[in-house]
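Data first, discussion second: the structure below is written as structure tokens.
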Amino acid sequence: MKKILVWDLPVRVGHWLMVGGFILAWLTSESESLRLVHVIAGATVFAVALFRLPWGFIGSRYARFADFVRGPAAVKEYAAGLMKLEPAHHVGHNPAGGWAIVLLLGLGILAGASGWAIYNDVGGHWLEELHEGLAATMLTVVLVHLVGVFTGSVLHGENLVSAMLSGRKNGSPEAAIPSQRPFALLVLLAWVVGAAWWMAN
Ligand code: HEM
């Protein structure tokens, strides 16, 4: 086992943009004077989550949904290993974490779309309630996600947070992805800036 490249640049930069956007959107959600900051932060989460959908099909090996969205049997098997404090090591996302990721992306898209509709005076009070409910659900999933990241890091003796920064995890050399995909990162950044600007106007 060596440290090998697993997460490409769009996955890593997209992830930390979502983290920053989510925290900022949450902190500014009640403030009238910081409404624009809230909209831009929420639009960032929305735009990254939307980009992640096609990237889940054309991205590098471990970014693909086919690599980490697994059926109930795989999730049960992983959970059984977790109960024995011996979870199977996955070079990419584990089967339980995979579903948290799907939920976070879906909630990011729904929360962003409902927020954008409210900002444009579409819908009524019910939509505001829905938007708040989606954001609160997302916070719950984020907390579960953090517990999963912490538990996975401890049980595998591998710091998953620094792996999401460096892109490198333990694995055999032939399991590494061949490229950081820098051009796709430029596409992601242009898309996020464009979408956030458009949604805030
Ligand atoms: C400080 C808070 C956070 C930390 C430390 C963190 C850490 C991580 C780590 C280590 C992974 C990789 C897990 C693995 O090895 O399988 C991951 C994946 C992921 N996290 Fe977080 N996370 C945080 C907050 C968030 C938030 C707020 C969101 C959504 C709004 C989020 C969405 C995701 C998604 C979508 C992935 C999958 C990445 C991909 O495949 O594109 N995370 N996170």
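Mean residue ellipticity at 222 nm, helices only, the chain: -24000 deg cm²/dmol; runs of at least 4 DSSP H residues each add -39,500 (n - 2.57), and the sum is divided by the number of residues. Distance from the C-alpha centroid of segment 103-144 to that of segment 1-31: 18 Å, rounded to the whole angstrom.
Each of His125 and Phe183 was given a label point 7 Å from its Cα along the Cα-to-Cβ line. The distance between the two points is 5.3 nm.
Take each peptide in 167-178, 41-52, count the other Cβ atoms within 10 Å of every residue, and average; sorted highest first, the result is 41-52, 167-178.
For Val75, project a label point 7 Å along Cα to C-beta. Then give me every residue of segment 85-108 with its amide nitrogen under 16 Å of that point. Of the residues in segment 85-108, 93-107 have backbone N under 16 Å from the label point off Val75. For segment 126-201, pairs of C-alpha atoms spaced more than 20 angstrom apart make up 62 percent of the total. Between Ala113 and Ala66, the contour length at 0.36 nm per residue exceeds the alpha carbon distance by 14.3 nm.
I'd like the orientation of helix 182-200 relative to the chain: the angle between its Cα long axis and the longest Cα principal axis, in ° from 0 to 90, rounded to 10. Around 20 degrees separate the two axes. May I ask for the net charge around Phe22, where only other residues with Cβ less than 15 Å from the Cβ of Phe22 are counted and Lys, Arg are +1 while Asp, Glu are -1? Charge balance in the 15 Å sphere: 0.
Highest mean first, the peptides 123-131, 110-118 sorted by other C-beta atoms within 10 Å per residue fall in the order 110-118, 123-131. For segment 2-200, the Cβ-based charge dipole about the Cα centre amounts to some 880 debye (Lys, Arg positive; Asp, Glu negative; other atoms uncharged). Highest average first, the peptides 91-98, 5-12, 32-39 ordered by how many other beta carbon atoms sit within 10 Å of their residues are 5-12, 91-98, 32-39. Across all Cα atoms of segment 101-148, the radius of gyration (one decimal) and Dmax (whole number) stand at 11.6, 38 Å. What would the Debye equation give as log₁₀ I(q)/I(0) for the chain at q = 0.15, 0.19 Å⁻¹, counting only Cα atoms as equal point scatterers? Relative scattering, expressed as log10 I(q)/I(0), comes to -0.95, -1.36. Here the simple spin-label model places points 7 Å from the Cα toward Cβ, and for Val144 and Met1 these points are separated by 2.7 nm. Using a simple spin-label model with pseudo-atoms 7 Å out from Cα toward Cβ, Ser29 and Glu86 lie 4.2 nm apart. Near His93, once Lys and Arg are set to +1 and Asp and Glu to -1 for all other residues with Cβ below 12 Å from its Cβ, the sum equals +3.
Across the chain, the relative contact order, built from alpha-carbon pairs under 8 Å that are at least six residues apart, equals 39 percent. Each residue of segment 78-92 was assigned a 3J(HN,Hα) from its phi angle through the Karplus curve 6.51 cos²θ - 1.76 cosθ + 1.60 (θ = phi - 60°); the sequence is 5, 5, 5, x, 4, 4, 8, 6, 9, x, 5, 7, 10, 5, x Hz, with glycine and proline shown as x.
Readers should treat all values here as calculations from the given coordinates under stated rules, not as data from a laboratory. As the structure is a computational prediction, the values presented were derived from the model and not from experiment. Don't worry about glycine lacking a Cβ; one is built from the backbone with ideal geometry, like all the others, and counts go over all protein chains shown.
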